[in-house]
Amino acid sequence: MDEHLRFVARLLEGERMSDVCREFGISRKTGYKIYQRYRREGAYGLCDRSRRPVRYANQLPEPVERMIVAAKREKPHWGARKIRELLVRRLAGDVRIPAQSTVHAVLDRHGLVKRGRRRRSRAQGTPLSAGTAPNDLWGVDFKGEFKLADRRYCYPLTVSDHASRFVLACEALESVKEAGVFPAFERLFAERGLPAAIRSDNGVPFASPNGLYNLSRLSVWWLRLGIAVERIKPGRPQQNGRHERLHLTLKKEAIHPACANILQQQARFETFLEEFNTERPHEALDMKTPAEVYTPSKRPYRGLTEIEYPFHDRDVLVTACGRICLHRKKINISTVLAGQRLGIREVDEGIWLVSFMHYDLGYIDLEQKTLQTIDNPFGTRLSPMS
């Protein structure tokens with residue numbers, strides 16, 4: 001870019017194009033192209049431009065995105081493939097041309113993609129729920145690790161009901177890995193039923209920083225069970241304040257001093273739960289105990305049901321390595337969705353909409369063999385019903 005700026009500066013000072021081009025070692029055709037880019041786009045037009053297709057809609061230069069939107073409005077019946085070809089002709093290789101799926105994602109973001117009839121609309125991010133009745137909302141978190149007397153670490157997994165303050169579980173686990181968390185929730189769901197929503201922070205195993213839309217296998221499982229998933233904003237633990245206050249009480253009464261081993265620590269947690277739920281009056285409950293307010297959920301846990309996609313062309317299974325196969329091409333989706341069935345529907349020539357349950361995950365461009373994600377369909381709250 002610095003060379004281009006110096007080139008244009010010499011022209012603006014009145015030097016002849018042929019003389020400046022000769023000194024910079026470029027043809028006059030290239031020189032005029034650089035100068036015209038400067039006049040059309042300013043200093044931005046002098047940036048180095050790769051011919052590799054841009055594959056992510058949020059990385060597109062604003063002028064190119066405006067051109068895509070303008071072209072669609074000019075040719076409302078054209079799809080992404082024709083719009084991209086129009087860009088190729090108009091820009092004549094002067095800028096990076098976005099991939100077909102990126103063009104489609106831009107059109108979708110601007111409301112220029114006509115969607116087929118859907119049973120439910122795409123989920124949108126919603127504020128955190130109030131959780132005014134038992135089982136409307138459960139809070140979940142790990143109360144940090146601490147070392148036991150046998151020098152092993154304990155990771156307390158805590159689950160509480162938001163409305164009644166009832167502590168549903170306090171499990172002394174040896175790690176925060178999903179392998180120990182899944183059985184704990186299976187036992188809890190079998191005993192207490194299913195909540196309407198679960199609120200957590202953005203840490204593992206409740207979320208995954210490398211997963212698609214930060215989903216984890218655990219949160220995907222919750223969604224499959226019909227449980228909405230709420231996540232607090234990073235750095236805002238007060239959004240799960242009732243659960244955080246539980247941790248302060250737990251730390252004072254059941255953690256310090258630590259027990260000899262994990263079994264003894266679990267026994268102490270059980271004693272704490274019994275006292276907290278059945279003996280301790282709570283001011284916010286008009287001095288009732290949590291056990292006097294809480295009632296088990298009326299939604300029993302019966303395992304997973306099959307996902308159906310009546311408004312899609314077909315469904316595909318995500319492999320163990322996080323891929324799907326479409327027209328003999330392998331497309332990476334996400335390992336957190338391994339074993340799940342996704343719905344796919346062709347919305348343009350070579351462009352397929354990919355959905356999980358009632359969420360649109362993005363578009364597959366068969367030519368590029370990539371999933372072009374769209375604006376996060378989950379937002380703050382991940383809900384199985386939109």
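The values are calculated or read from the model by the stated rules, or taken from the named source; none is laboratory data. Every value quoted in this text rests on a predicted model; they were computed, and no experiment measured them. Don't worry about glycine lacking a Cβ; one is built from the backbone with ideal geometry, like all the others, and counts go over all protein chains shown.
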**Request:** From (1) at pLDDT 85 or above; (2) closer than 21 Å to Ser216 by Cα; (3) surrounded by fewer than 21 Cβ atoms within 10 Å (Cβ to Cβ), pick out the condition that doesn't hold for Arg345.
**Result:** (2)
**Prompt:** If you take the residues of the range 297-314 that are free of Cβ contacts under 8 Å to residues at least 60 places away in the same chain and crowded, with 16+ Cβ neighbours inside 10 Å, which of them is farthest from Leu353 (Cα to Cα)?
**Reply:** Tyr309
**Message:** Can you go through Ala284, Ala267, Ala320 and tell me which one is surrounded by fewer than 19 Cβ atoms within 10 Å (Cβ to Cβ) and closer than 27 Å to Tyr155 by Cα?
**Reply:** Ala267
**Prompt:** Residue check: is His327 modelled with pLDDT under 90, over 22 Å from Leu188 (Cβ atoms) and either β-branched (Val, Ile, Thr) or not assigned by TED's automatic domain parsing to the domain that holds Ala207 (or both)?
**Reply:** yes
**Prompt:** Is it fair to say Ala267 is farther than 24 Å from Pro195 by Cβ, touching a residue at least 24 places away in the same chain (Cβ under 8 Å), in the same structural domain as Gly144 (by TED's automatic domain parsing) and not β-branched (Val, Ile, Thr)?
**Reply:** no
**Prompt:** Going by the structure shown, is Tyr294 among the aromatic types (Phe, Trp, Tyr), touching a Gly at 6+ places or on another chain (Cβ under 8 Å), surrounded by 15 or more Cβ atoms within 10 Å (Cβ to Cβ) and modelled with pLDDT of 90 or more?
**Reply:** no
**Message:** Going through Phe142, Phe166 one at a time, which residue ends up being among the hydrophobic types (A, V, I, L, M, F, W, C) and touching a helix residue (DSSP H, G or I) at 6+ places or on another chain (Cβ under 8 Å)?
**Reply:** Phe166
**Message:** Can you pull out every residue in the range 192-208 that is in contact (Cβ under 8 Å) with a residue 60 or more places away in the chain and on the phi < 0 side of the Ramachandran plot?
**Reply:** Arg192, Leu194, Pro195, Ala196, Ala197, Ile198, Arg199, Ser200, Asp201, Gly203, Phe206, Ser208
**Item:** Single match in Gly235, Gly226, Gly211 (criterion: surrounded by fewer than 21 Cβ atoms within 10 Å (Cβ to Cβ) and without any contact (Cβ under 8 Å) to a residue 24 or more places away in the chain)
**Value:** Gly235
**Message:** Considering only residues that are more than 14 Å from the chain's Cα centre (by Cα) and within 18 Å of Ala184 (Cβ to Cβ), which ones fall in the range 206-240?
**Reply:** Trp221, Trp222, Arg224, Leu225, Ile227
**Test: Ala71 is in contact with a Leu (Cβ under 8 Å, 6 or more places away or on another chain), small (Gly, Ala, Ser), in a helix (DSSP H, G or I) and at pLDDT 80 or above** = yes
**Asked** Failed condition for Pro195, given (1) at pLDDT below 95; (2) part of a loop (DSSP other than H, G, I, E, B); (3) touching an Asp or Glu at 6+ places or on another chain (Cβ under 8 Å), with all others met?
**Response** (1)
**Complete:** Restricting the range 355-373 to residues that are at pLDDT below 85 and surrounded by fewer than 22 Cβ atoms within 10 Å (Cβ to Cβ), the one nearest to Asp313 (Cα to Cα) turns out to be Leu366
**Asked** Only one of Phe189, Phe166, Phe185 is modelled with pLDDT of 95 or more and under 19 Å from Arg231 (Cα atoms); which?
**Response** Phe185
**Item:** Selection from the range 207-235 of residues that are touching a helix residue (DSSP H, G or I) at 6+ places or on another chain (Cβ under 6 Å) and under 20 Å from His162 (Cβ atoms)
**Value:** Ala207, Leu218, Val229, Ile232
**Message:** Criterion first (in the same structural domain as Tyr213 (by TED's automatic domain parsing) and out of contact with any helix residue (DSSP H, G or I) (no Cβ under 9 Å at 6 or more places or on another chain)) does Asn332 satisfy it?
**Reply:** no
**Message:** Condition first: touching a His at 6+ places or on another chain (Cβ under 7 Å) and part of a loop (DSSP other than H, G, I, E, B). Now tell me which residues in the range 348-373 satisfy that.
**Reply:** Leu366
**Prompt:** Is the range 248-260 home to any residue that is assigned by TED's automatic domain parsing to the domain that holds Phe146, surrounded by fewer than 16 Cβ atoms within 10 Å (Cβ to Cβ), at pLDDT 90 or above and in contact with a Leu (Cβ under 8 Å, 6 or more places away or on another chain)?
**Reply:** yes
